[in-house]
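Please read the structure below before turning to the comments.
The values are calculated or read from the model by the stated rules, or taken from the named source; none is laboratory data. Quantities reported herein were computed from a predicted structural model and do not represent experimental measurements. Positions of Cβ are backbone-derived with ideal geometry, glycine not excepted, and every protein chain shown enters the neighbour counts. Heads up: the accessible areas ignore ligands, DNA and RNA and are worked out on the full protein's heavy atoms, side chains in. Shrake-Rupley method; radii C 1.70, N 1.55, O 1.52, S 1.80 Å.
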Amino acid sequence: MKDFAALFTRLDATTRTTEKVAALAEYLEQAPEDDRLWTLALFTGRRPKRLVSAARLRAWAGERAGLPDWLVEESYSIVGDLAETIALLLPEGEPVEGKSLSHWIKYLQGIAHLPDDEKKPAILDAWDQLDATQRLLFDKLVTGGFRVGVSQKLMTRALARVTGQEEAALAHRLMGD
Amino acid sequence: MARDPLLIFTPEGIHCPEGGFHIDPWRPVARALITHGHADHAREGHGAYLAPHAAAPVLRHRLGDIRLGTLAYGEPREIGGVTVCFHPAGHVPGSAQIRVARGGEVWVVSGDYKVAPDGLSEPFEPVECQHFVTESTFGLPVFRWPDRDQVAAELNGWWKDSLAAGRRPVLGAYALGKALRLLTLLDPSIGPILTHGAVEATNAALRAQGLSLPETVRVTPETDPDAYPGALLLAPPSALGSRWARHFGPSSNGFASGWMRLRGVRRRRAVDRGFVVSDHADWAGLNWAIDQTKAENVYVTHGYTENFTRWLCDKGLNAQVVPTEFGGEVEDDAVTEAEA
Ligand SMILES: [Zn+2]
Ligand SMILES: [Zn+2]
């Protein structure tokens, strides 16, 4: 998740197309296979389904941070993004090395069928293992709101640079299933 | 019979009727006690000024030939039946909280403050009181500052990455306080540090009073941009993207502010990199400081006043919002997209 978060930070920090493509290409080159595929899928609009409602996630975050609902609400209105608000409000986590993007996606798939009150401890547990940027991305996966400003064209350019068209076709297959 | 309060809030600013003085007033008054040299706290036109010794060079630099008396931190002074005393606020070098006491009644006006030591400013000193006047610039729980080492690693990493990408790192920060702190975080082994005149003027004032800062080179119209390969430019935020900066070729613009904690602000400012560095207390810092004072009455002057006051009231304190003209928008940290 660390590398994926670093990619997100780099993409977010620049408005220059060349730098975005370079960041993507570098990431794709070194990312393990399953992370690469998930990244392609996420960036081309295949979002995981919502696992927990935004309202519930917000309530859990407030509880975990020891803050009243109204203050979480006010914070949200100033930050403007729920996943980010939650990421910033929670106490500092202890980022765990070696848990990748695909690890967390599988983790979420594993709890998808549980009722909310059983999802809750699993989500709180995950939060403790992520830093603020990683949490933001994780929360977006949880709420099904994953949207990153990477155009299809940009993605294709980065892909072409790294692996050629085959992988692009693979990404499309992944999107379709 | 109840006496009048020791401090009252008037259109001129925070006023002590019995002592005949104001604290950080925003309209001209006869006698002003000043917490620190930022423009929204130390204004022109007062008859006489009283400030900590350590604030004098910056005040003279900013306000010119004023009638200025100074006191050491912790040195009490009687003014018309009340005792005043300056205590470090940790905000910028020379900044103070002002303790005002009459008999057993104690008020503390904290101006702007920060509780984590920055290696330059005299560290914040909690002062017990019954009435505490606090800022709340970053009075929301989303504001939490990373530690010094982390910020230093980010800054120096960005410096190296920019050079590797063929770009000149230009770091924007306010001259008094912020730019200084960044100087202490930058690693001069990477390259020279070039400074804008506005930054260098303040540096000079503070070097003169004995603060040790890394070597800097002041940029003048004669400065040859090619003479300093590997250099980083340190400048006021207004210089980002200006002709002054373009003179040095393609840049990577960095900006240091507490607001950089928020992704939306980073994006609106369209800087290449944001660094979370503030001269104000974060959420935990504000709460810790208020706890330490043991004050039951808290007056919240500027920032997220409504939210922070409600939070304090929820905790059982007698807190209220006090409208002031402290903005911190210009000289301070609290610069948002409103600034051109
Ligand atoms: Zn200030
Ligand atoms: Zn201020």
Where does chain B land at 222 nm, in deg cm²/dmol rounded to the nearest 500, when only DSSP H runs of n ≥ 4 count, each adding -39500 (n - 2.57), divided by all residues?
-6500 deg cm²/dmol
Just to confirm a number: summing +1 for Lys and Arg and -1 for Asp and Glu over residues other than B:His247 whose beta-carbon lies under 15 angstrom from that of B:His247, what do you get?
+2
If one computes P(r) from the Cα atoms of the stretch A:54-143, what percent of pairs lie at distances over 22 Å?
21
Just the number please: accessible area per residue for the stretch B:1-87, 1.4 Å probe, all protein chains included, in Å².
43
Exceeding the 19 Å Cα-Cα cut-off - candidates A:Lys153/B:Lys160; A:Lys2/A:Lys49; A:Lys49/A:Lys106; B:Lys114/B:Lys178; B:Lys294/B:Lys315; A:Lys20/A:Lys153:
A:Lys153/B:Lys160; A:Lys2/A:Lys49
R0 of 41 Å, Cβ-Cβ distance B:Asn156-B:Asp291: FRET efficiency to nearest 0.05:
0.75
Distance between the stretch B:168-183 and the stretch B:201-223 - C-alpha centres, whole angstrom:
12
Keeping the other protein chains in place, figure out the carbon and sulfur percent of the accessible area of the protein assembly as shown, with a 1.4 Å probe.
50
For the pair B and A, the solvent-accessible area buried on both sides (1.4 Å probe; DNA, RNA and ligands excluded), in Å² to the nearest hundred, is 2000
Which of the residues in the stretch B:133-151 lose at least 50 Å² of accessible area when you go from the chain alone to all protein chains together (probe 1.4 Å)?
B:Pro141, B:Val142, B:Arg144
What does the C-alpha gyration tensor say about the overall shape of the protein assembly as shown? Classify as rounded when a/c is under 1.5, otherwise prolate if a/b is larger than b/c, or oblate.
oblate
In a shell of Cβ-Cβ distance under 12 Å around B:Leu33, excluding B:Leu33 itself, what net charge do Lys and Arg (+1) and Asp and Glu (-1) give?
+2
When the accessible area of each residue in the stretch B:289-325 is compared between its chain alone and the complete protein assembly (1.4 Å probe; ligands, DNA and RNA ignored), which residues differ by at least 40 Å², being lower in the assembly?
B:Asn307, B:Arg310, B:Trp311
Taking every pair of alpha-carbon atoms in the stretch B:148-275, what share in percent sits in each 5 Å bin, from 0 to the bin with the longest distance?
2, 11, 23, 25, 22, 12, 5, 1
To check you understand DSSP bridge types, tell me what percent of the beta bridges within the protein assembly as shown (both residues inside) are antiparallel, rounded to 5.
35
Which positions within the stretch B:251-287 get 20 Å² or more of their accessible surface covered by the other protein chains, compared to the chain by itself, with a 1.4 angstrom probe?
B:Arg261, B:Leu262, B:Arg263, B:Arg267, B:Asp272
Roll a 1.4 Å probe over the protein chains and send me the accessible area per residue for the stretch A:1-159 in Å².
44
Given backbone amide H placed at 1.01 Å from N, residues whose amide H is under 5 Å from that of B:Tyr49, ignoring those fewer than 5 places away on the same chain, are B:Ala32, B:Arg67, B:Leu68, B:Gly69
